[in-house]
1. Specify the residue with the greatest mean-square fluctuation among 91, 141, 156, computed from a Gaussian network of the chain linking alpha-carbon atoms under 10 Å apart.
2. Sequence gap at least 6, Cα distance under 8 Å: using those rules, report the relative contact order of the chain to the nearest whole percent.
3. As a quick test, which of the pairs 152/213; 84/177; 152/212; 84/108; 84/107 have an alpha carbon distance above 28 angstrom in this structure?
4. Which lysines, if any, have their Cα less than 16 Å from the Cα of residue 215, not counting same-chain residues under 8 positions apart?
5. Give the long-range amide H neighbours of residue 132: residues separated by 5 or more places, or on another chain, with amide H under 5 Å away, using H modelled in the peptide plane at 1.01 Å from N.
6. Taking the Cα centre of each part, how many Å lie between the stretch 1-57 and the stretch 79-143?
7. Rounded, prolate or oblate: pick one for the chain, where a ≥ b ≥ c are the square roots of the eigenvalues of its C-alpha gyration tensor, a/c under 1.5 means rounded, and failing that, prolate if a/b is larger than b/c, else oblate.
8. Can you tell which of 70, 185, 41 shows the greatest fluctuation in a Gaussian network model of the chain with Cα springs below 10 Å?
Amino acid sequence: MSALCLRIIASCCMLLDHIGYLFPQLGILRYVGRLAFPLYVFLLVNGYRHSSSRPGYALRMGLFALVSQVPFCLFCGYGDYFAKGNVFFTLLLALLVLWATDTLAGKKPLRWLAPLPALLAYGLYYFGLLNTDYEAKGFLLALSFFYLGDRKLLCLLASLASLFHSLLLSYALQLVKLLLGREAVFAALSPWQLAQLFALAALPLIFLYNGKKGKTPASPLGKRVLQWGFYLFYPLHMLILYLVA
């Protein structure tokens with residue numbers, strides 16, 4: 001399965017997810033939509049590996065994060081345009097964390113500092129200093145795919161931990177309370193948390209990736225139009241759905 005095929009599947013799943021979000025009677029579409037985010041994170045990791053200019057890649061992500069913010073807030077009904085960052089901000093942070101971690105891990109004197117970027121990013125989310133769509137799941141999944149993508153079982157476990165990191169952290173804190181002889185409360189999974197398990201259905205598709213780009217236009221202009229078209233699909237489809245709703 002090529003990168004182009006995965007991108008098309010991710011875009012379709014995202015569209016279905018957002019239709020289900022706006023129209024509750026079609027809420028079942030949101031389960032299909034759970035596949036979109038892991039696919040996009042994997043494509044980000046793949047783009048990081050093959051990008052000819054990582055600064056240019058990050059700049060492009062940042063540009064579309066800014067372009068997408070108003071459509072995202074209109075779509076989600078946020079009155080404050082700075083209330084929450086759209087998914088491009090999440091993916092941009094995932095790219096930067098991955099980049100920093102990979103760079104530190106590749107330098108022997110600094111290798112021990114490699115976990116620091118992820119810890120700093122997690123702290124920003126944990127203490128409420130940063131609020132973006134999907135939150136810490138972005139960089140946690142990116143690191144899982146980058147370092148464990150070839151080990152399917154470990155990648156599955158790491159992806160599960162990434163998707164439920166906040167719940168696992170809560171359980172760990174409650175377990176510490178229990179060991180200290182204090183009252184502990186282990187909350188059950190909510191229906192929406194259980195729905196996140198459908199995101200794991202993206203992994204078989206990711207494991208089928210053949211390392212190829214897929215059939216793209218031969219001309220540089222055609223390739224650029226296709227590339228930017230996928231980026232623009234995110235803000236445009238949200239704006240259209242908002243106007244329709």
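1. Answer for the Gaussian network model of the chain: 156.
2. Numbers: 264 pairs, mean separation 71.2, N = 245.
29 percent.
3. 84/177; 84/108; 84/107
4. Here the lysines satisfying the reach criterion relative to residue 215 are 223.
5. Here 85 satisfy the definition.
6. Value for the Cα centre distance between the two parts: 19 Å.
7. Because a/c hits 1.5 or more and a/b fails to exceed b/c, the chain counts as oblate.
8. Answer for the Gaussian network model of the chain: 185.
Where a number appears in this text, it was derived from the coordinates with a stated rule and is not lab data. Everything numeric in this text was worked out from a predicted model, so none of it was measured. Neighbour counts run over all protein chains shown; Cβ positions are idealised from the backbone, glycine included.
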